[in-house]
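Accompanying notes for the structure given below.
The values are calculated or read from the model by the stated rules, or taken from the named source; none is laboratory data. Quantities reported herein were computed from a predicted structural model and do not represent experimental measurements. Here the Cβ positions follow ideal geometry from the backbone for every residue, glycine too, while neighbour counts run over all protein chains shown. Ligands, DNA and RNA are stripped out before the accessible areas are found, and what is left, the full protein with its side chains, is counted by its heavy atoms. Shrake-Rupley method; radii C 1.70, N 1.55, O 1.52, S 1.80 Å.
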Amino acid sequence: RKEVEQDPGPFNVPEGATVAFNCTYSNSASQSFFWYRQDCRKEPKLLMSVYSSGNEDGRFTAQLNRASQYISLLIRDSKLSDSATYLCVVSPSYNTDKLIFGTGTRLQVFP
Amino acid sequence: NAGVMQNPRHLVRRRGQEARLRCSPMKGHSHVYWYRQLPEEGLKFMVYLQKENIIDESGMPKERFSAEFPKEGPSILRIQQVVRGDSAAYFCASSPDGPRNTQYFGPGTRLTVL
């Protein structure tokens, strides 16, 4: 079983749509959780950290369910510029800062 | 404040040659991480270094790969006797001192082995 699993997509949505991505992780001791965005052939960029209480940044909302080992990202009012691959990322323990990446979910927003 | 710098951006090597990838962390950052992204796959952790120390190399292949982060100068990821399967994008990230800090990624080096 992969350490971090995501639906690869692609998700094709019209502008203005709401889209949700899900992710599961296998290590119950994982400590930190993130969503990164990666544009084609570019470096990953941090979109937001994810907290148990849930957090929101503009059109983006992230949720963490530790009991189910499940992370979600909701994008409201999709823009063409949101087209990218969204990476679910987990840091497994306090002993190391290494990041474990999912393979990503591809989003394509069309006019 | 310049971001994480990596060079070269593109590197072509023939099988059996050596590849040297360089990473200069953001100013004030003392932690460096290397990740590899094979075609159509996710990023995989390779190694975590602080100045003059390897902290975690659990993701490094056992042979041909080595990494260093000297007291002065950039971090170097070295691949000896490259094979076609080494073709990938290699990303470096840095973070400031202290635990649980955000990692900022460089633009990557795309290695192609002919």
Grab the other residues whose beta carbon is less than 14 angstrom from that of B:M46, score K and R as +1, D and E as -1, and report the net.
-1
When we measure straight from the Cα of A:K42, which lysines land under 19 angstrom away, once same-chain ones fewer than 8 places off are left out?
B:K44
About the Cα centre of the protein assembly as shown, how large is the charge dipole given +1 on each Lys and Arg Cβ and -1 on each Asp and Glu Cβ? Please answer in debye to the nearest 20.
680 debye
Determine the per residue accessible area of chain B with all protein chains present and a 1.4 angstrom probe, expressed in square angstrom.
51 Å²
Reduction of at least 20 Å² in accessible surface, 1.4 Å probe, comparing all protein chains with the chain by itself, residues of the range A:37-85
A:Q38, A:R41, A:E43, A:P44, A:L46
Give me the percent relative contact order of chain B, please, defined on Cα pairs under 8 angstrom at least 6 residues apart.
37 percent
Reciprocal mean inverse distance between Cα atoms of chain B - Kirkwood radius, Å
14.0 Å
Dipole of the protein assembly as shown (Lys/Arg Cβ +1, Asp/Glu Cβ -1, origin at the Cα centre): which of B:H31, A:T105, A:L47 lies farthest to the positive side?
B:H31
Stokes-Einstein D in µm²/s, Kirkwood radius over Cα pairs - the range B:63-114 at 37 °C with 0.692 mPa s viscosity
253 µm²/s
Any chance you could list the semi-axes, whole Å, largest first, of the equivalent ellipsoid that the Cα gyration tensor gives for chain A, using √(5λ)?
24, 14, 12
Note on the range A:1-102: contact order normalised by length, alpha-carbon pairs under 8 Å, 6 or more apart, percent, works out to 34 percent
Dipole magnitude of chain B about its Cα centre, charges +1 at Lys/Arg Cβ and -1 at Asp/Glu Cβ only, in debye to the nearest 20?
380 debye
Percentage, to the nearest whole number, of Cα pairs in the protein assembly as shown over 23 Å apart:
49 percent
The range B:18-41-the range A:21-46 distance, computed between alpha-carbon centres (Å)
18 Å
State, in square angstrom and to the nearest 100, the accessible area buried between chains B and A, both chains counted, probe radius 1.4 Å.
1600 Å²
Say the dipole of chain B comes from +1 at the beta carbon of Lys and Arg and -1 at that of Asp and Glu; which of B:A67, B:V12, B:N101 then lies farthest toward its positive end?
B:V12
Quick one: of A:K45/B:K71; A:K98/B:K71; A:K98/B:K27; A:K79/B:K27, which pairs are farther than 29 Å apart, Cα to Cα?
A:K79/B:K27
With every protein chain present, what is the per residue accessible area of chain A (1.4 Å probe, Å²)?
49 Å²
Electrostatic dipole magnitude of the range A:31-107 [Cβ: Lys, Arg +1; Asp, Glu -1; Cα centre; debye, to 20]:
180 debye
Which residues in the range A:72-89 have a backbone N closer than 20 Å to a point placed 7 Å from the Cα of A:S49 along the Cα-to-Cβ line?
A:72-74, A:87-89
